[in-house]
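Shown next, in structure tokens, is the structure this report addresses.
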Amino acid sequence: MTDERLYPFDKIEKKWQRFWRDKGLFKVDTDNYKNKYYCLMMFPYPSAALHVGHGRNYIIGDVVARYKMMRSFNVLAPMGFDAFGLPAENAAIKGGMHPEASTLNNIKTMKRQLGQWGVEYDWNREVVSCLPDYYKWTQWIFVKLYENGLAYKKKAFVNWCPSCKTVLANEQVVNGGCERCDTEVTQKELEQWFFKITAYAERLLMDLGKLEHWPERVKTMQKNWIGRSEGVEIDFKIEGSAETLKCFTTRIDTIYGATFIALAPEHSLVEKLVSGMKGEKEALKSIIKMRNESKISRADANIEKEGVFTGRYVINPVNSEKIPIWAANYILMEYGAGAIMAVPAHDQRDFEFARIYKLPIKVVIDDPKNPLNAERMKEAYVQEGVMVNSDKFNGMKSELAVEKIADYFVEFKYGTRSVQYKLRDWLISRQRYWGAPIPIVYCQRCGTIAELEKNLPVLLPKDVGFRPTGESPLKFYKEFVNTECPRCKGPAARETDTMDTFVDSSWYFLRYITPHLKDKPFDTELVNKWLPVDQYIGGIEHAILHLLYSRFITKFLYDIKMIGFDEPFKNLFTQGMIIKDGAKMSKSKGNVVSPDELISKYGADTVRLYTLFIGPPEKDAEWSDRGVEGAYRFLGRVWRLAEKVTSHKPQVTSKVERKLTKEEESLRRKTHLTIKKVTEDIEGGFHFNTAISSIMELVNETNDLLAIDAELDPVRGNVLNDAASAVVILLSPFVPHIAEELWQILGKENSIFKLKWPTHDKSAVTADVITMVIQVNGKLRSRIEVPFGIEEDKLKEAVLSDTKIKEFVHGRAVRNFIVIPKKLVNIVI
RNA sequence: GGGCGGGUGGUGAAAUGGCAAACACGAUGGACUUAAAAUCCAUUGGCCGGAAGGCCUUGAGGGUUCAACUCCCUCCCUGCCCACCA
């Protein structure tokens, strides 16, 4: 590639970017909500610099915004930054800049990059989540949740590095060790704040049904994450005690096969149960060891099963058998009751555990085809079957027994029917500096008190030390901690944990409507006009957490009548990742492609076009620098095409009436077919790659007509001019700079984005003669030309008189003659 | 391990029950040029054939159908996410 440019992209791109900003093309007056269209892209975390993988999201959003503008919508396209987070704090610990300085710096870089891409926003509405005027309202939402009983404190485990004496994020745990010093990570119990998202589990699940325009795969992931299951909660009597032990099971049909009880090592009864038993000390030691295993490996079904007998028993209510109680590492406190009735014959994890500790395996559901033998089983039988060894339920089908035994338990008050969710409450406490402080005060007299609205925001002090201590750096900042109780004015201490950044991002889409409001998080009336968001665009990696949390907060704000809708995003589009050398683009893998270099070499339009042409936007795509050159050459061809069409413009303006030639007619049809195809591709699910390829076809065909050596008269000039204009308009959302410039070259006025998107002329797209494909026994054998709208008998006659078909049919009986109108004929012989 | 995707030419891909490989990249040959770049033209899934044409081909195997890349079943491979990265 030489320095010589195929077209002067460097000049025109800056020129038009300035033009759009000066004219306020993307500026929106929210009071004018008629015909509104809220086009939202997930706001980014301000990491060092953007790569072309990030770009895909913004380019897609920009295309949608520009397209909708041309469809006469009043488009709101705002942008902001999810600016709190771990990386900035880690950099500060390593001796870099203060998190605020580095974050604001990165934001500056990213805004410059977005501008270079020609991605435009209404920057007057920018929200930055680490600034007090924003996090004041994040804290306000916390207070509202607290007042409504949806924010509470409880003990929970964190990853802990005993050597660095610090809390580690999952990301900072590498193969069970600390990423800095490789010391084995342990689990430490801390008092932490939670949001009670589980109170919304049922609604979050049910309302997935309302989200017609969300990708199925995202809805499926959310559904599985919420993980609703119906079952029975059994109250087991503990032998020699007045206490009961609750176990949840979805397989009550296997109750007669329960041969032990397994408790999570964290279960509140564990210490009590082992106290006084023989070997109590050793038992406690192994329980503590199990508690220290990482949560990730504990949740792995392949974990090496480990456990310890507590020395105590429960009574099985159905047959009064004594069942030993064990503590086991594969039971998680977070799910169900933190205790299970273990049925080794019919649950694989229980089966493995029973084999290790030589616990009995009792078959209670038999395989009707292949009777089971407990001693010879190699794995648990988890399918349905016929009840055996189950007293009066013997012989019943297990799927029926699930219902019958549940009824029986309810009747005799052995337990209750119960619904469990995998979804757990949302742990929002972070023992870190760079986040929104949790607005809670601990008063010696009044207890735990939420900060008053008039005292918000609880400001994050700037001059703190970042040495890792395992506690929030705020804890050592006396001026922050020591405060007065908002109620009694007595001495009090502030909460020093900060909030998970997902809290910041669970409501930002509401702030964009009225970003500068001082006395409220948002204006309810206007928000109700502009939301739900018409189109949300972001990465598939947010399919669960961010989208679920945003739905939760939206439902909460709906319940407290702050907003009038209970789902935030009407249409969701999740784009795929850009892959380079077989891996996700990331700084650590060293495979990032910087947009700056590419833009200076080929221009932003080329980078945009390639990013859109690379493949279906919802799928992952492999980046290729070669492909970029292809996009660049195409834009060069379009540029020359517009120049040629303009220079060939016939001088004669008087009307010349004549019929179009075959080629002219064909280009006219192609022009309108392309308008139709591009519009359908965009509307029908963002098929930008095929939209662009159809424009390429139109360019090729226009060039073909230009290449025909003939004197240009106004008739041909018009056909060419219409084709070139269509090319430029249809390309404009994708490559806005070159489109604006060519629009001028073609002699048109005004910004192309003030134009109405074209519609195709129905009469121009119908041909009088169509080609039909002829198959014999499903194999392509011939094709014939027939008049449009031919009757079936005439078509049959024409087909059977085709010479090639005659050869194939040749005396054999036609058994079936299938006609797919306007497409194909299949003759079955 | 669990959950969710994906598998089509040398490459990115198109076709979502009806012509497999549109569009583009790369490659090869040619034109232009002192030369290169750019541009333009031709060829480009595989096999057989001088050609006309024929046969085969969408990860593997089976099924449904007049017709399957597309729907169903079994298997293989692969990517992403998994609650403190955002």
Cβ-Cβ under 7 Å, sequence separation 6+ or interchain: first residue in the stretch A:616-633 and more than 17 Å from A:GLY603 (Cβ to Cβ), partner modelled with pLDDT under 90 and crowded, with 20+ Cβ neighbours inside 10 Å. Which pairs? A:PRO617/A:GLN575; A:GLU618/A:GLN575; A:ALA621/A:ILE578; A:TRP623/A:VAL52; A:TRP623/A:ILE578; A:TRP623/A:LYS580
Applying the selection to the stretch A:511-548, what residues are touching a strand residue (DSSP E or B) at 6+ places or on another chain (Cβ under 7 Å) and within 16 Å of RNA strand B (Cβ to nearest atom)? A:ARG511, A:TYR536, A:ILE537, A:GLY538, A:GLY539, A:ILE540, A:ALA543
Among the helices (runs of 4 or more DSSP H) lying completely within the stretch A:443-512, list those that include at least 1 residues that are at pLDDT below 90 and either in contact with a helix residue (DSSP H, G or I) (Cβ under 9 Å, 6 or more places away or on another chain) or farther than 29 Å from A:GLY96 by Cβ (or both). A:478-481
Can you tell me how many residues within the stretch A:737-776 are farther than 30 Å from A:LEU25 by Cβ and either in contact with a strand residue (DSSP E or B) (Cβ under 6 Å, 6 or more places away or on another chain) or of a type outside the set (S, T, N, Q) (or both)? 13
Here's a check for you: in the stretch A:597-649, which residue that is touching a helix residue (DSSP H, G or I) at 6+ places or on another chain (Cβ under 7 Å), more than 8 Å from RNA strand B (Cβ to nearest atom) and of a type in the set (D, E, K, R) is farthest from A:LEU572 (Cα to Cα)? A:LYS649
Any pair with Cβ under 7 angstrom, 6 or more apart, that starts in the stretch A:361-381 at a residue that is at pLDDT 80 or above and ends at one that is of a type in the set (S, T, N, Q) and assigned to a loop (DSSP other than H, G, I, E, B): A:ILE361/A:THR259; A:LYS362/A:THR259; A:LYS362/A:ASN389; A:VAL363/A:ASN389; A:VAL364/A:ASN389; A:VAL364/A:SER390
Positions within the stretch A:548-587 being of a type outside the set (Phe, Trp, Tyr), in contact with a helix residue (DSSP H, G or I) (Cβ under 9 Å, 6 or more places away or on another chain), surrounded by 15 or more Cβ atoms within 10 Å (Cβ to Cβ) and within 22 Å of A:GLY55 (Cβ to Cβ), in sequence order: A:LEU572, A:THR574, A:GLN575, A:GLY576, A:MET577, A:ILE578, A:ILE579, A:LYS580, A:MET585
Give A:ILE356, A:ILE365 a once-over and let me know the one that is aliphatic (A, V, I, L, M) and out of contact with any helix residue (DSSP H, G or I) (no Cβ under 7 Å at 6 or more places or on another chain). A:ILE356
Residue under question is A:TYR38, and the condition is that it be in a strand (DSSP E or B) and of a type in the set (Ser, Thr, Tyr); does it hold? yes
Turns out the helices (runs of 4 or more DSSP H) fully within the stretch A:694-788 with at least 1 residues that are polar (S, T, N, Q) and surrounded by fewer than 12 Cβ atoms within 10 Å (Cβ to Cβ) are A:762-765
Those residues that are of a type in the set (S, T, N, Q) and without any contact (Cβ under 8 Å) to a residue 12 or more places away in the chain, I need them from the stretch A:1-56; list them, please. A:THR2
Any idea how many residues of the stretch A:789-829 are farther than 19 Å from A:THR766 by Cα, of a type in the set (A, V, I, L, M), touching a strand residue (DSSP E or B) at 6+ places or on another chain (Cβ under 9 Å) and not in a helix (DSSP H, G or I)? 7
If we keep only residues of the stretch A:385-406 that are surrounded by 13 or more Cβ atoms within 10 Å (Cβ to Cβ) and basic (Lys, Arg), then the residue modelled with the lowest pLDDT is A:LYS397
Find the residue count for the stretch A:427-442, including only residues that are within 16 Å of RNA strand B (Cβ to nearest atom), assigned to a strand (DSSP E or B) and surrounded by 22 or more Cβ atoms within 10 Å (Cβ to Cβ). 4
I'd like to verify a number: residues in the stretch A:797-818 that are within 13 Å of RNA strand B (Cβ to nearest atom), over 13 Å from A:ARG783 (Cβ atoms) and surrounded by 15 or more Cβ atoms within 10 Å (Cβ to Cβ), how many? 2
When restricted to A:GLY227, A:GLY176, A:GLY257, the only residue at positive phi and either within 11 Å of RNA strand B (Cβ to nearest atom) or in contact with a His (Cβ under 7 Å, 6 or more places away or on another chain) (or both) is A:GLY227
Among the residues of the stretch A:234-250, count how many are under 10 Å from A:MET341 (Cα atoms) and assigned to a loop (DSSP other than H, G, I, E, B). 0
Within the set of pairs 6 or more residues apart or between chains, which connect a residue that is free of Cβ contacts under 8 Å to residues at least 60 places away in the same chain and closer than 27 Å to A:ARG66 by Cα inside the stretch A:688-709 to a residue that is among the polar types (S, T, N, Q) and more than 10 Å from RNA strand B (Cβ to nearest atom) with Cβ atoms less than 8 Å apart? A:SER694/A:THR674; A:ILE695/A:THR674; A:GLU697/A:THR674; A:LEU698/A:THR671; A:LEU698/A:THR674; A:GLU701/A:SER666
Can you confirm whether A:PRO714 is more than 18 Å from A:ARG668 (Cα to Cα) and of a type outside the set (A, V, I, L, M, F, W, C)? no
Kindly check whether there is at least one residue in the stretch A:116-123 that is of a type outside the set (Phe, Trp, Tyr) and surrounded by fewer than 19 Cβ atoms within 10 Å (Cβ to Cβ). no
Return only the number of the condition from (1) crowded, with 19+ Cβ neighbours inside 10 Å; (2) within 16 Å of RNA strand B (Cβ to nearest atom) that A:VAL382 does not satisfy. (1)
Suppose we filter A:GLY55, A:GLY24 for residues that are more than 13 Å from RNA strand B (Cβ to nearest atom), buried (at least 21 other Cβ atoms within 10 Å of the Cβ) and among the small types (Gly, Ala, Ser); which single one remains? A:GLY55
Unique match (being within 16 Å of RNA strand B (Cβ to nearest atom), in contact with a helix residue (DSSP H, G or I) (Cβ under 7 Å, 6 or more places away or on another chain) and charged (D, E, K, R)) among A:LYS188, A:LYS219, A:LYS153: A:LYS219
Inside the stretch A:526-556, the number of residues satisfying the requirement of being under 14 Å from A:LEU204 (Cβ atoms), touching a residue at least 60 places away in the same chain (Cβ under 8 Å) and not aliphatic (A, V, I, L, M) is 6
Determine, yes or no, whether A:PHE476 is more than 30 Å from A:TRP123 (Cβ to Cβ) and not polar (S, T, N, Q). yes
Would you say A:LYS413 is out of contact with any strand residue (DSSP E or B) (no Cβ under 9 Å at 6 or more places or on another chain), of a type in the set (Lys, Arg), under 30 Å from A:ASP350 (Cα atoms) and not in a strand (DSSP E or B)? no
Residue within the stretch A:128-146 that is surrounded by 15 or more Cβ atoms within 10 Å (Cβ to Cβ) and without any contact (Cβ under 8 Å) to a residue 12 or more places away in the chain present: no
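The values are calculated or read from the model by the stated rules, or taken from the named source; none is laboratory data. Since the model is a prediction, treat every value here as computed from it, not as a measurement. Virtual Cβ from ideal backbone geometry, glycine too; neighbours counted across all protein chains shown.
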